[in-house]
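Report on the following structure.
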């Protein structure tokens, strides 16, 4: 995925572009898709409905548990760290696609442009770690509340990386002079 795209006219343009790109990235069917704001009640109903759908499709319980750990972390990141647009709305998206037992997840939200480099560097750092190193970072954060030499780094992205067992892809879409739309993609397989 590219790191930067040109400014898109509206929030819906961003989502439509991401949705088309997500569909075309690999084969598979979209299991669920949401764009807009997310209340705590919405998150609960989303996860409940997704769990039932996955159980009905025969998805192994270990995959469901990993997806749920990731979804909770991602949706918390959107709710806690997502910025508001010019209309005062905190927008974000989540999409899940399945193909031959592999689940792809795309999630995103608005962030301040000034935080873009730090976020990109942090995810690149996490992607450079092997499974054992990620577990050590996870334990370090549990013990200290942060990672040495990574200001503001918390447990959310480490948990996402650890549970997905794959590298996290990111892109930043220019939204305004002060905001970027941050998208993160990852895959989950047995």
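Quick notes on this one:
- Restricting segment 13-26 to residues that are under 13 Å from residue 175 (Cβ atoms) and surrounded by fewer than 16 Cβ atoms within 10 Å (Cβ to Cβ), the residue that is modelled with the highest pLDDT: 17
- Test for residue 65: is it outside any helix (DSSP H, G or I) and either surrounded by 14 or more Cβ atoms within 10 Å (Cβ to Cβ) or modelled with pLDDT of 85 or more (or both): no
- The number of residues in segment 128-139 that are surrounded by 15 or more Cβ atoms within 10 Å (Cβ to Cβ) and not in a loop (DSSP other than H, G, I, E, B) comes to 3.
- Subset of segment 159-190 [free of Cβ contacts under 8 Å to residues at least 60 places away in the same chain and part of a helix (DSSP H, G or I)]: 161, 162
- Any hit, segment 77-85, residues being in contact with a strand residue (DSSP E or B) (Cβ under 7 Å, 6 or more places away or on another chain), modelled with pLDDT of 85 or more and part of a strand (DSSP E or B): no
- Here residue 97 meets the list (1) farther than 21 Å from residue 65 by Cβ; (2) not in a loop (DSSP other than H, G, I, E, B) almost entirely, failing just condition (1).
- Within segment 30-56, considering residues that are in contact (Cβ under 8 Å) with a residue 40 or more places away in the chain and in a helix (DSSP H, G or I), the one nearest to residue 92 (Cα to Cα): 46
- Candidates 116, 124 - the one that is more than 21 Å from residue 72 (Cα to Cα) and either in contact (Cβ under 8 Å) with a residue 40 or more places away in the chain or in a strand (DSSP E or B) (or both): 116
- Criterion: under 12 Å from the mean Cα position of the chain (by Cα), surrounded by fewer than 20 Cβ atoms within 10 Å (Cβ to Cβ) and in contact (Cβ under 8 Å) with a residue 24 or more places away in the chain - qualifying residue of 101, 108, 156: 156
- Flag for residue 24 being touching a residue at least 24 places away in the same chain (Cβ under 8 Å), farther than 14 Å from residue 107 by Cα, out of contact with any strand residue (DSSP E or B) (no Cβ under 7 Å at 6 or more places or on another chain) and not in a strand (DSSP E or B): no
- Hey, residue 133 at pLDDT 95 or above and over 18 Å from the mean Cα position of the chain (by Cα) or not: yes
- The residue that is nearest to the chain's Cα centre (by Cα), counting only those in segment 27-49 that are over 26 Å from residue 84 (Cβ atoms) and crowded, with 16+ Cβ neighbours inside 10 Å, is 31.
The values are calculated or read from the model by the stated rules, or taken from the named source; none is laboratory data. The structure displayed is predicted, hence computed values, not measured ones. We place every Cβ from the backbone using ideal geometry, glycine too, and count neighbours over all the protein chains shown.
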